[in-house]
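What follows is a short report on a single structure.
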Amino acid sequence: LELARDDERRHREALAEEARIRRPVPADRVDVNDLARLRAQVELRWRRLSATRESLQGPQARELRVLLERGRQVHPDDGPLARMLLRVLLDFLRDGESASNLADEMLGRGVRDPEAWRIGRRRGLGLMGAEALRETLVEDGVATRQGAARAASMLAGFPGDYEIAEGAWLALQQSRRVERTLHRVRGVVPASALIDTLVSLVDPDGPSKSIHVIARVDAPLEVSAVGTENARVLTWPEGTFSWRVGADQLDAPDHLRGLTRGLFRDLPDDVGLEILLAAVPFGGSLEEPDGAIRVRARLQGGDLSVERASLRLDWEAVAHYLSVPFEGLETRLFPPPDLEVEMPDVAAAERLLDRASEEPVLRCDRGEATAGPEVSVECGASPQLDATRRAWRRVVWPWLGGRSITPP
């Protein structure tokens, strides 16, 4: 009985000690020599800070900074404390100078993850402005000396999306090495179906790819970053034109719709664009894509008038047989999405139905009769839109009039 009482007493004391550790204590009164208690107080404040509305975060962030700086005086080599302080300085306090100084200090200590600290240093310098950042971009191999001023100016414009902006800048530089000769063509493609159309023509093999889009827009646009964290589209001006750069996974949950919206968001009417779309394997480089296509077009209303393209196709046929059906293709699981196309006559419709019968993801049949010789064909498709795009491209290939890529 006595032993049971002792066990119960020790249990209560342990619970009380745990509750005391996790109870908020003023930052200047936390015993920073006790690393476990220090980390508990840091974690408590971090959770509260992350859950607080942005407009009210300032005082909490400053208090957490005080606690972390006190802790680092006693534990200067503790990586988690240093990384947490860096996040507070960059993400909440926007104190670029202190962040870059902290990163310099940690790099001087020989940290195990130097690249992460170099990125943190560049983020801090970017908060201080383009001039502060420029030389470090050269030292870290992000930009050449000739391009450092332009890179620094661009990156300093994205303090909240710095790492994504670096990726966009590097993608732009790599895209310059993707040479694709442009041929004179003609066709009008719905802007909302352009990404689907280009992806189907590039025909990347398998879902483990990232899709990169780099667009030069013939107009000066404001700096902006739109989309989700995993599919951000960044825009920045460069003289009389602008760059718009984005990327997403081929098997993205929204089937690249967000990338499409970001590409054409708030563009002026009758503006010219040159667009490169490239499929890159995960871990690969845009300099060596699995497939790429470049088009030159003019945006008119919701349509793109394609004037030049690296694939010598009949782009009026591309619009009719790929883009228009893709425009009506909904991203839904049930009922399955539908594809619809109008064929010039019964013979062409029968040929298309015969080809579609070889594709397991398509279930095609004649649609409603038309007044003329044209015949409508309707196909139930797979909710896996990447598989549908690939299958549909194979089916309609004979009508695209292409010679520069090998038909399936």
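Okay, here's what the table says:
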| item | result |
| --- | --- |
| Filter result (at pLDDT below 90 and open to solvent by 20 Å² or more (accessible area, probe 1.4 Å)) within segment 318-339 | Glu327, Gly328, Glu330, Thr331, Arg332, Leu333, Phe334, Pro335, Pro336, Asp338 |
| Residue match in segment 7-24 (condition: closer than 13 Å to Arg70 by Cβ, at pLDDT 65 or above and either open to solvent by 60 Å² or more (accessible area, probe 1.4 Å) or touching a helix residue (DSSP H, G or I) at 6+ places or on another chain (Cβ under 9 Å) (or both)) | no |
| Residue in segment 249-272 that is touching a His at 6+ places or on another chain (Cβ under 9 Å) and in contact (Cβ under 8 Å) with a residue 12 or more places away in the chain present | no |
| Cβ pairs under 8 Å, 6+ apart, first in segment 150-179 and without any contact (Cβ under 8 Å) to a residue 60 or more places away in the chain, second aromatic (Phe, Trp, Tyr) | Ala151/Trp169; Leu155/Tyr162; Leu155/Trp169 |
| Residue under evaluation Val111, criteria (1) within 28 Å of Pro59 (Cα to Cα); (2) of a type outside the set (D, E, K, R); (3) modelled with pLDDT under 95, criterion not met | (1) |
| Test result for Val188, open to solvent by 10 Å² or more (accessible area, probe 1.4 Å), at pLDDT 95 or above and not in a loop (DSSP other than H, G, I, E, B) | yes |
| Residues located in segment 271-302, provided they are modelled with pLDDT of 95 or more and among the charged types (D, E, K, R) | Glu274, Arg294, Arg296, Arg298 |
| Criterion (open to solvent by 30 Å² or more (accessible area, probe 1.4 Å) and at pLDDT below 95) met by exactly one of Ala40, Ala36, Ala27 | Ala36 |
| Any chance Arg122 is open to solvent by less than 50 Å² (accessible area, probe 1.4 Å), out of contact with any strand residue (DSSP E or B) (no Cβ under 6 Å at 6 or more places or on another chain) and at pLDDT 95 or above | yes |
| Conditions (1) farther than 29 Å from Gly79 by Cα; (2) among the polar types (S, T, N, Q); (3) over 20 Å from the mean Cα position of the chain (by Cα); (4) part of a helix (DSSP H, G or I): number failed by Gln174 | (3) |
| Check on Arg355, outside any loop (DSSP other than H, G, I, E, B) and more than 21 Å from Ile195 (Cα to Cα) | yes |
| Single condition Leu90 does not satisfy, out of (1) surrounded by fewer than 21 Cβ atoms within 10 Å (Cβ to Cβ); (2) within 26 Å of the chain's Cα centre (by Cα) | (1) |
| Selection count where residues are touching a Phe, Trp or Tyr at 6+ places or on another chain (Cβ under 9 Å) and either free of Cβ contacts under 8 Å to residues at least 24 places away in the same chain or more than 20 Å from Leu194 (Cα to Cα) (or both), scope segment 362-396 | 2 |
| Sole residue being in contact with an Asp or Glu (Cβ under 6 Å, 6 or more places away or on another chain) and under 27 Å from Val396 (Cα atoms), chosen from Leu259, Leu299, Leu277, Leu313 | Leu259 |
| Top-ranked residue in segment 59-71 [being under 35 Å from the mean Cα position of the chain (by Cα) and of a type in the set (Lys, Arg); ranked as surrounded by the fewest Cβ atoms within 10 Å (Cβ to Cβ)] | Arg62 |
| Qualifying residue in segment 123-139 (condition: in a loop (DSSP other than H, G, I, E, B), without any contact (Cβ under 8 Å) to a residue 40 or more places away in the chain and under 30 Å from Leu67 (Cα atoms)) | yes |
| Residue that is most open to solvent (accessible area, probe 1.4 Å) [pool: residues in segment 148-185 that are in contact with a strand residue (DSSP E or B) (Cβ under 6 Å, 6 or more places away or on another chain) and among the β-branched types (Val, Ile, Thr)] | Ile164 |
| Residue match in segment 237-246 (condition: open to solvent by 50 Å² or more (accessible area, probe 1.4 Å), in contact with a helix residue (DSSP H, G or I) (Cβ under 9 Å, 6 or more places away or on another chain) and under 23 Å from Val188 (Cα atoms)) | no |
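Residue-by-condition table, conditions (1) assigned to a loop (DSSP other than H, G, I, E, B); (2) among the basic types (Lys, Arg); (3) modelled with pLDDT under 90:
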position: Leu311; (1), (2), (3): yes, no, no
position: Glu316; (1), (2), (3): no, no, no
position: Glu342; (1), (2), (3): no, no, no
position: Ser382; (1), (2), (3): yes, no, yes
position: Arg394; (1), (2), (3): no, yes, no
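The values are calculated or read from the model by the stated rules, or taken from the named source; none is laboratory data. Only a predicted model underlies this, so the values are computations on that prediction, with no experimental measurement involved. Every residue, glycine as well, gets a Cβ built from its backbone with ideal geometry; the counts of neighbours run over all protein chains shown. Accessible surface is based on the protein model in full, side chains and every heavy atom, while ligands, DNA and RNA are left aside. Shrake-Rupley method; radii C 1.70, N 1.55, O 1.52, S 1.80 Å.
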